[in-house]
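Asks: What follows is a single structure, and I will ask about it in a moment.
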Amino acid sequence: MLAIEPAWWLLWERCSRRTPFQSPGWLLPWYRAFRPGQPVAFAFWNAGRLVGIAPFYATHETDGFHLQSFGTAVSDFLDMLVEPGWEDLVVEAFAAALAAETGWNTITFDELPPDAIALRLKNLRACTVSEQIASTCPVLTLERRVPVESNLPSHMRRNLRKAHHRAARRGEVHFILADEGAAQRTFDRLVDLHTARWHARDQPGVLADERTRQFHADVIKVLYPKAVARLYELRIAGQTAAAYYGFQDNGRAYAYIAGFDPRFAYESPGSLLLAHVIADSISDGAREFHFLRGSETYKYSWGAHDRHNRRRQFVRVASLADVI
């Protein structure tokens, strides 16, 4: 897939449905870090122009190949990447390509958002299909023409005012958007905060795995210069009280992971930093703020409403040789 990376980037930039999780800057570092199976990419071209791509990895079992989406487990939205106007043709070509590949037994599409192109793939020859909700993904709709506070519920506005006063009494308050040179250092601070928080619960946390940390380090190297990845830090009285790692692109912001120092719990540093990030996101053109997978209570206190990702799996019930 490295051979088509430049064309993949150009396709991603042309796609109105794109998310950072479909970019080669996310998916290629994912594969390098985790290597769960053999890469299998379905690429669709028109006159030398890449108009669609569906990357998978294959695992070999006694009953054949099992195909699963690139980016599984760490990605909040996955889908085929298709140039606008080519959706139906690419889906049709993809179905034909899958029919021609006789070795696979199952193909699984994970974390498909409601408008996913892969949901148009209704039936495959000699296959059964199952579909269920994969994840709940709360999202906050943003209105740019009003002050940021007006995008939030009244109880959240009151809580933020209290938190600001408490933080100011403790010392100087600074919100810092890391520049490219400081991005990795800010991520390292986030890892420390997040890991310490989970260790206090006798759990490792999602950033404990060295492969996961290296994956995100590689993502930051690629997506930060493109102004897609974002890392923020909140300092109170000269100390890092909270850190945030997320993304913004194409009118949408995505809160991927955050951490805070429990010594500053009284000042609610996580909420203060998140409010600042939302305000910045609105200023930079975001129409939606995605809290991503999980129905944790705090997300709804910001006024988020649910959307649901789907999981769709096709299972072959006979080989093509049996049905031809």
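Asks: Mind checking the alpha-carbon convex hull of segment 233-315 and giving the volume per residue in Å³?
Replies: 129 Å³
Asks: What value in Å³ per residue do you get for the convex hull of the alpha-carbon atoms in segment 30-181?
Replies: 229 Å³
Asks: Around Thr106, under 13 Å between beta carbons, what's the net of Lys plus Arg minus Asp minus Glu among the other residues?
Replies: Result for the neighbourhood of Thr106: -1.
Asks: Going Cα to Cα from Lys299, which lysines come in below 23 Å? Please leave out same-chain ones fewer than 8 positions away.
Replies: Result set, ordered by chain and number: Lys162.
Asks: A follow-up question, please. Of His276, Asn309, His290, whose Cα points farthest to the positive end of the dipole of segment 265-315 (charges on the beta-carbon: +1 Lys, Arg; -1 Asp, Glu; origin at the Cα centre)?
Replies: About the Cα centre, the residue reaching furthest to the positive side is Asn309.
Asks: Residues with amide H under 5 Å of Asp261's amide H, sequence separation 5 or more or different chain, H placed in the peptide plane at 1.01 Å from N; which?
Replies: Under 5 Å from the amide H of Asp261: Ala242.
Asks: Would you please give the residues with an amide H less than 5 Å from that of Asn105, counting only those at least 5 places away or on a separate chain, with H modeled from the backbone geometry?
Replies: Phe65, His66, Leu67
Asks: Relative contact order of the chain: what whole-number percent is it, with Cα pairs under 8 angstrom and at least 6 residues apart?
Replies: Taking the mean separation of contacting Cα pairs over the length of the chain, I get 24 percent.
Asks: With N set to the residue count of the chain, report its C-alpha Rg divided by 2.2 N^0.38 Å to two decimal places.
Replies: 1.09
Asks: Can you give me the three principal axis dimensions of segment 50-101 from its C-alpha atoms, in Å, biggest first?
Replies: Largest first, segment 50-101 extends 39, 30, 14 Å along its Cα principal axes.
Asks: Amide H of Phe56: which non-local residues (sequence gap of 5 or more, or other chain) have their own amide H closer than 5 Å, using H built in the peptide plane?
Replies: Those qualifying (amide H under 5 Å, at least 5 residues apart or on another chain) are Val40, Ala41, Phe42, Phe70.
Asks: Please calculate how many Å² of accessible area the chain carries per residue, with a 1.4 Å probe and no DNA, RNA or ligand atoms counted.
Replies: I get 46 Å² per residue for the chain.
Asks: If you don't mind, another one. What are the equivalent ellipsoid semi-axes of segment 1-112, built from the alpha-carbon gyration tensor (square roots of five times its eigenvalues), in whole angstrom, biggest first?
Replies: Details: eigenvalues 90, 61, 30 Å².
Ellipsoid semi-axes (Å, largest first): 21, 17, 12.
Asks: Return the FRET efficiency for the residue pair Ser150, Asp188: r is the Cβ-Cβ distance, R0 is 56 Å, and the value is rounded to the nearest 0.05.
Replies: 0.95
Asks: When the Karplus curve 6.51 cos²θ - 1.76 cosθ + 1.60 is applied with θ = phi - 60°, which whole-Hz ³J(HN,Hα) does each residue of segment 250-258 get, with x for Gly and Pro?
Replies: Per-residue couplings from phi come out as 6, x, 9, 10, 9, 8, 7, 7, 9 Hz.
Asks: Excluding Val90 itself, calculate the net charge of residues whose Cβ lies under 10 Å from the Cβ of Val90, where each Lys or Arg counts +1 and each Asp or Glu counts -1. All intermediate terms of the calculation are to be shown ahead of the outcome.
Replies: Working: positive: Arg120; negative: Glu83, Glu87, Asp88, Glu92.
With Lys, Arg at +1 and Asp, Glu at -1, the neighbours total -3.
Asks: Next question. Can you work out ³J(HN,Hα) from phi for every residue in segment 176-189, in order, using Karplus 6.51 cos²θ - 1.76 cosθ + 1.60 and θ = phi - 60°, giving whole Hz and x for Gly and Pro?
Replies: Going residue by residue, I get 10, 8, 5, 7, 4, x, 9, 4, 5, 4, 5, 4, 4, 5 Hz, with x marking Gly and Pro.
Asks: Percent of accessible area on segment 140-196 owned by carbon and sulfur, 1.4 Å probe? List each step's numbers first, then the result.
Replies: Working: 1750 of 3630 Å².
Carbon and sulfur atoms account for 48 percent of the accessible area of segment 140-196.
Asks: Hey, quick one: spin label on Arg120, modelled 7 Å out along Cα-Cβ, who in segment 67-87 has an amide N within reach, i.e. under 17 Å?
Replies: Residues 78-87 fall inside that zone.
Asks: Could you sort Val315, Val51 by accessible area so the largest value comes first, with the probe set to 1.4 Å?
Replies: So the residues, ranked largest to smallest area, are Val315, Val51.
Asks: Could I have the simple spin-label model distance between Tyr266 and Met1, label points 7 Å from Cα toward Cβ, reported in nm to one decimal?
Replies: 4.9 nm
Asks: Go ahead and run the numbers for FRET between His199 and Glu92, Cβ-Cβ distance against an R0 of 41 Å, rounding to 0.05.
Replies: The calculated FRET efficiency here is 0.20.
Asks: With +1 on the Cβ of every Lys and Arg and -1 on the Cβ of every Asp and Glu, and nothing else charged, how large is the dipole of segment 99-191 about its Cα centre, in debye rounded to the nearest 20?
Replies: Values: 14 positive and 11 negative charges, 160 e Å.
Computed about the Cα centre, the dipole is about 760 debye.
Asks: Would you list Ser23, Ser154 from the most to the least accessible area, probe 1.4 Å?
Replies: Ser154, Ser23
Asks: How big is the charge dipole of the chain about its Cα centre, in debye rounded to the nearest 20, if each Lys and Arg gets +1 on its Cβ and each Asp and Glu gets -1 on its Cβ? Let's see the in-between values first.
Replies: Numbers: 38 positive and 36 negative charges, 211 e Å.
Magnitude of the dipole: close to 1020 debye.
Asks: Give me D for segment 187-256 in µm² s⁻¹, whole number, from Stokes-Einstein with Rh from the Kirkwood sum over alpha-carbon pairs, 20 °C and 1.002 mPa s. Could you put the intermediate results ahead of the total?
Replies: Numbers: Rh = 13.2 Å.
For these conditions, the coefficient is 163 µm²/s.
Asks: Here's another thing I want to ask about it. Which is farthest toward the positive dipole end of segment 122-261 among Val222, His174, Trp198, measuring Cα position about the Cα centre, with Cβ charges +1 (Lys, Arg) and -1 (Asp, Glu)?
Replies: It is His174.
Asks: Run lengths n ≥ 4 of DSSP H only: what is the helix-derived mean residue ellipticity at 222 nm for the chain, with -39500 (n - 2.57) per run over all residues, to the nearest 500?
Replies: Computed mean residue ellipticity for the chain: -10000 deg cm²/dmol.
Asks: Something else: Please turn the phi angles of segment 23-36 into ³J(HN,Hα) values with the Karplus equation 6.51 cos²θ - 1.76 cosθ + 1.60 (θ = phi - 60°), one per residue in order, whole Hz, x for glycine and proline.
Replies: 7, x, x, 9, 6, 5, x, 4, 5, 4, 6, 10, 6, x
Asks: Something else: Any chance you could give the angle, 0 to 90 degrees and rounded to 10, that helix 210-223 forms with the longest Cα principal axis of the chain?
Replies: Orientation of helix 210-223: about 90 degrees from the principal axis.
The values are calculated or read from the model by the stated rules, or taken from the named source; none is laboratory data. Just so you know, these numbers come straight off a predicted model, no measurement behind them. Using ideal geometry, Cβ is built from the backbone for each residue, glycine included, and neighbour counts are taken over all protein chains shown. Calculation scope for accessible area: heavy atoms of the full protein, side chains included, ligands and nucleic acids excluded. Shrake-Rupley method; radii C 1.70, N 1.55, O 1.52, S 1.80 Å.
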